[in-house]
Amino acid sequence: MHYSDYWLADTKSLLKHAMHDGYAIPAFNFYNMESLQAILNAAQITQSPVILAVSESALEYMSGEILMGMIRGAQYKRGQIALHLDHGHSFEICKYATDLGFSSVMFDGSALPLDKNISESRRVADYVHKFNVSLETELGVLAGTEDKNTTAKKHLFTDPDLVKDFVKQTKTDSLAVAIGTTHGAYKRKSSNESLRFDILEQIAKNIPGVPLVLHGASSIPQKYVNQINKFGGNIKNARGISPAQIRRAISMHIAKVNIDSDSRFAFTAAIRKTLYTKPEIFDPRIYLSTATEEMTKNCIDEIQNIMGSGYKF
Ligand code: G3H
Ligand code: 13P
Ligand code: ZN
């Protein structure tokens, strides 16, 4: 099936529009029916375009068939929602997602030598573009856990001198940049540590027409960390990127902002509180509904206060 059969949006058009208007499309990761519903509820309430992001491990967890069954049954306006493969590490997984009906794929060759990153990215571009599926690639490396298969130990900031040629050779539609964000919950030693806006500025100058992508952009709301710890959890030193820094990045051509950890925190905080305060409960629909509600609230908050994408659809 093709993504247009599901009324899904062309990711490239969403990103171009966002970049020109100075806002960002949120890419929220999901893994199950509840997290999918939370994102769609938030998109509907805020009238925001949204990218549904599925990592390789989430795709494996849900299976392609169940995932596309949920997409088929979901309610959204034509062209408001894109479905995106997050951190695809091979041509084969990118092809699989394209053939399933995804609107865009990320080929993440950031751990490969540059020439291999370029040749594999181009190979994916040549396949996906035949279906008007858009391609995101990555140059530079984010520290932190990307998924169960990839754990980068250190940052390798994107080199602004390489981006123009990289984009030309790969034919990528958008570029993920490494400017100091990391995946996961432990992003910062102190809250005033700054992203490398100097690097971002140079990149945007060198490829002015290319929408840029910020991975590892969760702000890790402390209210969720506190709630998790209050109700039996044990999470120490979790710290995200401040919303002010993300907003600044959005004003500098970041058109897609990836959020996963914040949703995990909202989801888990709600479940912990419900189970702790209502110990008689054992119906998963009750505690999972509170998780959906809390994740919806957090997605709405980020759309309204960080992305600026509300009322754009
Ligand atoms: O950036 C990667 C996402 O946070 C996906 O993580 O592989 O655990 O689903 P995951
Ligand atoms: P966070 O871990 O900051 O939510 O990053 C998510 C991400 O980049 C998904 O690709
Ligand atoms: Zn990522």
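The values are calculated or read from the model by the stated rules, or taken from the named source; none is laboratory data. Keep in mind that this is a model prediction, so the values were computed, not measured. Every residue, glycine as well, gets a Cβ built from its backbone with ideal geometry; the counts of neighbours run over all protein chains shown. Calculation scope for accessible area: heavy atoms of the full protein, side chains included, ligands and nucleic acids excluded. Shrake-Rupley method; radii C 1.70, N 1.55, O 1.52, S 1.80 Å.
Listing for the model above:
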{"item": "Mean Cβ count within 10 Å, highest first, over the residues of peptides 273-285, 235-247", "result": "235-247, 273-285"}
{"item": "Length added when fully stretched, residue 192-residue 65, from 0.36 nm per residue minus Cα-Cα", "result": "41.3 nm"}
{"item": "D_trans [Stokes-Einstein, Kirkwood Rh over alpha-carbon pairs] for the range 12-84, 25 °C, 0.890 mPa s, µm² s⁻¹", "result": "192 µm²/s"}
{"item": "Principal axes of the range 40-159: Cα extent on each, largest first, Å", "result": "42, 30, 26"}
{"item": "Hull shadow area, averaged, the range 181-267 [alpha-carbon convex hull, nm²]", "result": "5.6 nm²"}
{"item": "Candidate residues 84, 183: accessible-area rank, largest first, probe 1.4 Å", "result": "183, 84"}
{"item": "Gained length - residue 13 relative to residue 131, 0.36 nm times residue gap less alpha-carbon distance", "result": "41.0 nm"}
{"item": "Taking all pairs of distinct alpha-carbon atoms in the chain, Kirkwood radius in angstrom", "result": "19.4 Å"}
{"item": "Accessible-area composition of the chain, carbon plus sulfur, in percent [1.4 Å probe]", "result": "53 percent"}
{"item": "Measure of compaction for the range 95-203 (Cα Rg per 2.2 N^0.38 Å)", "result": "1.13"}
{"item": "Accessible surface, per residue, of the chain when the full set of protein chains is kept, probe 1.4 Å, Å²", "result": "44 Å²"}
{"item": "Distance between modelled label sites at residue 114 and residue 252, nm, 7 Å Cα→Cβ extension", "result": "2.2 nm"}
